[in-house]
1. Quick check, is Val92 modelled with pLDDT of 80 or more, touching a Leu at 6+ places or on another chain (Cβ under 8 Å) and either within 20 Å of Ile173 (Cα to Cα) or outside any loop (DSSP other than H, G, I, E, B) (or both)?
2. Asp51: more than 20 Å from Ala160 (Cβ to Cβ) and either surrounded by fewer than 16 Cβ atoms within 10 Å (Cβ to Cβ) or within 19 Å of the chain's Cα centre (by Cα) (or both), yes or no?
3. Please verify whether Gln83 is of a type in the set (S, T, N, Q), surrounded by fewer than 15 Cβ atoms within 10 Å (Cβ to Cβ) and at pLDDT 75 or above, treating the condition exactly as stated.
4. Could you list all residues from region 110-128 that are over 12 Å from Phe97 (Cβ atoms), crowded, with 21+ Cβ neighbours inside 10 Å and in contact (Cβ under 8 Å) with a residue 40 or more places away in the chain?
Amino acid sequence: MLTFLAEIGWKIATETQLDGFLLYNLLFVHQKIVLMLVFFYFLPFSCQIQDKIAASLLVYLGVALLNSLFLQPMEGMIQSYSQMFGNGMVLVFSLIFFKDIIRQSKFKEDNLLSLPYFWIATFVLFSFGESFIFYFFSSLFFPRNLYDLGFIQVFVQFFAGIMFLVFGIAFYIPNYLRSK
């Protein structure tokens, strides 16, 4: 729901010609990463890494603040360094989650496709991985025009939309697979 409201706010801001950098950075860079880290913190299978996630969240907020103050002002450009750093953290925790869920003995007999959190973590991995690659290369080759990359940005948003769609249906997919 929060993502839906962020999308509406972004649409209104762009249609009314408001400077969207501050809004984009708050909603789609920082909020998305913080919410993903909080999601991994509360996953029922990730009890061994909760302390690391909490510490990583504080580190991310510190790095984002330093980036805002010294390298990429929040209202002047898309904060691709914060985006890459946060996406990297989410990718690491997603991989740790995969390792943990595969190694846990209580899921040895289960089909991984029947676990909702497996679906969610898979699409987090794909969406954040593709976003990490996009921001890495676009920061290298288009450091000033990152805001106007057009169809490439639509591709990134498409994968984010697919990820959120899977979040919504992940708990129904296992029931569908069991009924077959």
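1. So Val92 fails the test.
2. yes
3. In short, no.
4. Once the filter is applied, which keeps residues that are over 12 Å from Phe97 (Cβ atoms), crowded, with 21+ Cβ neighbours inside 10 Å and in contact (Cβ under 8 Å) with a residue 40 or more places away in the chain, region 110-128 yields only Phe128.
The values are calculated or read from the model by the stated rules, or taken from the named source; none is laboratory data. Given the structure is predicted, the values throughout are model-derived calculations rather than measurements. Heads up, the Cβs are rebuilt from the backbone with ideal geometry, glycines too, and the neighbour counts pull from every protein chain shown.
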